[in-house]
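Notes for the one structure printed next.
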Amino acid sequence: MTIQWQAEAIWEAVSPQWPSFSVEILPEIDSTNSELMRRARAGQHDPVLLVAERQTAGRGRLGRDWKSDLQGDGGTLTFSLGVPLVPADWSGLSLAVGLAVVESLHPDLRLKWPNDVWLGQRKLAGILIETASVGDTRYAVIGIGINIAPRDATDLRTPPAALQELWPEATAPAVLARVALPLAQAVQQFVVQGFAPLRQAFHARDLLYGQTVVCSDGVTGTGRGVDASGALLVHTDQGLLKINSAEVSVRPAPPATVP
Ligand code: BTN
């Protein structure tokens, strides 16, 4: 089955801001992030939106795999935006990207710090940002995987959410067409203004605000949003702590057992 991507329309919308921008659709690749990182190391630094109809070795954060079934028929959208960037401050980029994704897709979607997209208590999309140095600047590879159609995931503790639960006609091409321009604009805005102006918007989508959270370093407390740099704020017995590290995983605490 040939998937009809709206590559030209996306290119027309984004290229006025990035004149050397291109859109590329591949039937199969190991990982769109890996491919753009390889290209960056080989000296290719132009802005590009690389979409894979199928990834054979998708990667997630913290060295995890990113598995996506049903890829060829649009059950999952997997793509990476590669772009040379010189922000004054990189902190908060992943939050800005997550915000662009949820705001362009549906009011019910939430962000689980730092940048997972959740629907209710289930993950719907993930974001992996990597960078390669390019002379004095850096090339950022912003990889996004979105579950479009419900899938069988008996191997996972919590089955993932799918966008078709909210938007029944959603297809991978339609989702890409909706996300691409807001994502490019968010990245450009981030370079100029950083994360600070987005703090309130993040707050409105913050899954962890007011929830009991447990961090992998043992910190337990109540989510209190993020600061102007995008660090997670956790109210604890020791006061308000800032969680910066990408190595920290945060999850709602298990419910207290009732005797
Ligand atoms: C995560 O939640 O751990 C991040 C998942 C990121 C997956 C996307 S799919 C497109 C791009 N290519 C990859 O190999 N990973 C990202």
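Rolling a 1.4 Å probe across the protein heavy atoms gives the chain an accessible surface of 47 Å² per residue.
Within straight-line reach of residue 67, meaning a Cα separation under 20 Å, sit the following lysines at least 8 residues removed in sequence or on another chain: 112, 123. When only Cα pairs below 8 angstrom with a gap of at least 6 residues are kept, region 158-226 shows a relative contact order of 19 percent. A Gaussian network model of the chain, with springs between Cα atoms under 10 Å, assigns the largest mean-square fluctuation among 137, 78, 171 to 137.
Other residues lying with their Cβ under 13 Å from the Cβ of residue 15 contribute a combined charge of -3, Lys and Arg counting +1, Asp and Glu -1. Summing Lys, Arg as +1 and Asp, Glu as -1, what charge do residues with Cβ under 12 Å from the Cβ of residue 131 carry, residue 131 excluded? My count for the surroundings of residue 131 gives +1.
Once you sort the root eigenvalues of the Cα gyration tensor of region 1-131 as a ≥ b ≥ c, which label holds: rounded (a/c under 1.5), prolate (a/b larger than b/c) or oblate (the other case)? Judged from the Cα gyration tensor, region 1-131 comes out rounded (a/c under 1.5).
Which residue fluctuates most in the GNM of the chain (Cα springs below 10 Å): 88, 186, 174? Maximum fluctuation in the GNM of the chain, among the listed residues, is at 88.
With loop membership from DSSP and a limit of 11 other Cβ atoms within 10 Å, the longest segment of the chain without trypsin sites (Lys or Arg not before Pro) is 158-259.
For residue 31, the shell of other residues with beta-carbons less than 15 Å away shows a net charge of +1, using +1 for Lys and Arg and -1 for Asp and Glu.
Once Rg and the Kirkwood radius are both taken over the C-alpha atoms of region 55-136, their ratio Rg/Rh works out to 0.98. Classification of the chain by its C-alpha gyration tensor yields an oblate form. The axis ratio a/c (a ≥ b ≥ c) is 1.5 or more, and b/c is at least a/b.
The values are calculated or read from the model by the stated rules, or taken from the named source; none is laboratory data. Everything quoted here is computed from the prediction, not taken from an experiment. Backbone-built Cβ (ideal geometry, glycine too); neighbour counts: all protein chains shown. To get the accessible areas, we keep the full protein, side chains included, count just its heavy atoms, and leave off ligands, DNA and RNA. Shrake-Rupley method; radii C 1.70, N 1.55, O 1.52, S 1.80 Å.
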